[in-house]
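The structure under discussion appears below in the form of structure tokens.
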Amino acid sequence: MVTTLLLKQLTIFFIYMAAGFMMVKLGILKGEDSKVLSLLCIYVLLPCAILKSYQAEYTPELRDGFMLAMGAAVAAQLILMAVTYGISGICHLDATEKASIMYPNSANLILPLVAGVLGDHYMIYASAYSCVQGIFIWTHCTSMMKGSRDMNWKKVFLNINLITVVVGIIMFFGQIHLPKMALDTLGGFSAALGPISMIVIGMLLYNVDWKNIFQNVRVHLVVALKMVILPLGAAVIFKCTPIRTLAEDGEMILLVTLFAIMAPSATLITQLAQINDRDERYAAAINAMTTVVCIVSMPLLTMWYMK
């Protein structure tokens, strides 16, 4: 049932992507117009989706589930980093490849995907991964892409989505509820996150040189590690260890974390490659390939996990 819903939702998302692709192809929009929509997603739609996810009734079960999701997110991020660094010497991974493997598109894709597949009440668990990854991205990932150990702590703590998570957690544990009109407004913005995020990806895919992607062996290596090997390892750990018993509905909560791990590479990696004088076309190629592969890899891994 979950696998069917996931495949259906991914198909819908790919239709949105196709719409973005065709708008650029037909000249309705330009590829660079995607930047405006990206800013809209990052600074308006995503914070609204995160804040809405925390407007849930506090229960001990939901609290335990959130703590499990947060712990699983931290563990998953650390394991992804450890394994990637462990194999980087063997596979000769550069900074762009390592970042693409370690950091999935856990916000723009996973929040609306979880809402569509599992329901809005599971979005609070998806936001836990987004929060954890946000801290790592603006510290470890940015310094790695710059080739420097300098940390921009201002960007970490003033990131709008991280601030929204903190506010949301305070409101959740303090049971501070927004009025219905505010909730309806957040819901409207949240509903737009999935379609607009996918339209942006479709617009970016138009400028991808697919011939070079398929001829590049390195891209296939990174995709295999990112979309198959590491997610499969995470699925085995979640399925075959007692971690699922740490909270009621633990299996589904960990599935949310698994969705994030199985997601394509974060689009932010391409932007970081661009501003740090790395090969942004290579980063975009990895992002494009992992995005296409996810429509097959995510349902298959989910099917195995739910058996």
Show the residue pairs meeting these rules: Cβ distance below 9 Å; 6+ apart or different chains; first residue within the range 213-238 and charged (D, E, K, R); second residue surrounded by 20 or more Cβ atoms within 10 Å (Cβ to Cβ) and in a helix (DSSP H, G or I).
Arg218/Glu97; Arg218/Tyr282; Arg218/Ile286; Lys226/Ser100; Lys226/Ile101; Lys226/Met102; Lys226/Ile286; Lys226/Thr290
I need the full set of residues from the range 113-129 which are of a type outside the set (Ser, Thr, Tyr) and either in contact with a Ser or Thr (Cβ under 9 Å, 6 or more places away or on another chain) or in contact (Cβ under 8 Å) with a residue 60 or more places away in the chain (or both), in order please.
Leu113, Val114, Ala115, Gly116, Val117, Leu118, Asp120, His121, Met123, Ile124, Ala126, Ala128
Exactly one of Ile243, Ile295, Ile286 is within 17 Å of Val2 (Cα to Cα), of a type in the set (Val, Ile, Thr) and part of a helix (DSSP H, G or I), and that one is Ile295
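What is the residue count in the range 17-72 for residues that are part of a helix (DSSP H, G or I) and hydroxyl-bearing (Ser, Thr, Tyr)? I'd like the intermediate steps shown before the answer.
Quick first cut of the range 17-72, residues part of a helix (DSSP H, G or I) only: 17-25, 31-53, 60-72.
Of the ones still in play, those that are also hydroxyl-bearing (Ser, Thr, Tyr) are 34, 38, 43, 53.
Qualifying residue count for the region: 4.
Name the residues in the range 105-125 that are assigned to a helix (DSSP H, G or I) and either surrounded by fewer than 24 Cβ atoms within 10 Å (Cβ to Cβ) or among the aliphatic types (A, V, I, L, M) (or both), would you?
Ile110, Leu111, Leu113, Val114, Ala115, Gly116, Val117, Asp120, His121, Tyr122, Met123, Ile124
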Val228 fails exactly one of the following numbered conditions: (1) under 20 Å from Tyr85 (Cα atoms); (2) surrounded by 17 or more Cβ atoms within 10 Å (Cβ to Cβ). What is the number of that condition?
(2)
Which listed residue, of Ala284, Ala263, is touching a Pro at 6+ places or on another chain (Cβ under 6 Å), among the small types (Gly, Ala, Ser) and touching a residue at least 60 places away in the same chain (Cβ under 8 Å)
Ala263
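Can you tell me which residue among Gly194, Gly233, Gly168, Gly188 is touching a Gly at 6+ places or on another chain (Cβ under 8 Å), assigned to a helix (DSSP H, G or I) and at negative phi?
Details: Gly233 fails: touching a Gly at 6+ places or on another chain (Cβ under 8 Å); Gly168 fails: touching a Gly at 6+ places or on another chain (Cβ under 8 Å); Gly188 fails: touching a Gly at 6+ places or on another chain (Cβ under 8 Å).
Exactly one residue qualifies, and that residue is Gly194.
Listed here are the residues, each with its yes/no results for (1) under 17 Å from Ala73 (Cβ atoms); (2) of a type in the set (Ser, Thr, Tyr); (3) under 15 Å from the mean Cα position of the chain (by Cα); (4) at pLDDT 90 or above.
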| site | (1), (2), (3), (4) |
| --- | --- |
| Asn207 | no, no, no, no |
| Val223 | no, no, no, yes |
| Ser265 | no, yes, yes, yes |
| Ala273 | no, no, no, no |
Every residue in the range 36-49 that is closer than 17 Å to Ser127 by Cβ and either of a type in the set (Ser, Thr, Tyr) or in contact with a Gly (Cβ under 6 Å, 6 or more places away or on another chain) (or both), please.
Tyr43
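Taking the residues in the range 157-205 that are aromatic (Phe, Trp, Tyr) and at pLDDT 85 or above as candidates, determine which candidate is farthest from Lys35 (Cα to Cα).
At the first step, the residues of the range 157-205 found to be aromatic (Phe, Trp, Tyr) are 157, 172-173, 189.
Remaining after also requiring at pLDDT 85 or above: 172-173, 189.
Details: Phe172: 32, Phe173: 35, Phe189: 18 Å.
Top of the filtered list is Phe173.
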Considering only the range 2-35, state which residues are out of contact with any Gly (no Cβ under 8 Å at 6 or more places or on another chain), under 14 Å from Val114 (Cα atoms) and hydrophobic (A, V, I, L, M, F, W, C).
Val2, Leu6, Leu7, Leu10
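Conditions (1) exposed (fewer than 14 other Cβ atoms within 10 Å of the Cβ); (2) within 16 Å of the chain's Cα centre (by Cα); (3) of a type in the set (Ser, Thr, Tyr), marked per residue:
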site: Met23; (1), (2), (3): no, no, no
site: Lys30; (1), (2), (3): yes, no, no
site: Leu40; (1), (2), (3): no, no, no
site: Pro47; (1), (2), (3): no, yes, no
site: Lys52; (1), (2), (3): no, no, no
site: Leu62; (1), (2), (3): no, no, no
site: Leu68; (1), (2), (3): no, no, no
site: Gly71; (1), (2), (3): no, no, no
site: Val74; (1), (2), (3): no, yes, no
Give just the number: which of (1) in contact (Cβ under 8 Å) with a residue 24 or more places away in the chain; (2) under 25 Å from Ile50 (Cβ atoms); (3) surrounded by fewer than 23 Cβ atoms within 10 Å (Cβ to Cβ) does Gln271 not satisfy?
(1)
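The values are calculated or read from the model by the stated rules, or taken from the named source; none is laboratory data. In this text the structure is predicted, and so the values were computed from the model without any measurement. Positions of Cβ are backbone-derived with ideal geometry, glycine not excepted, and every protein chain shown enters the neighbour counts.
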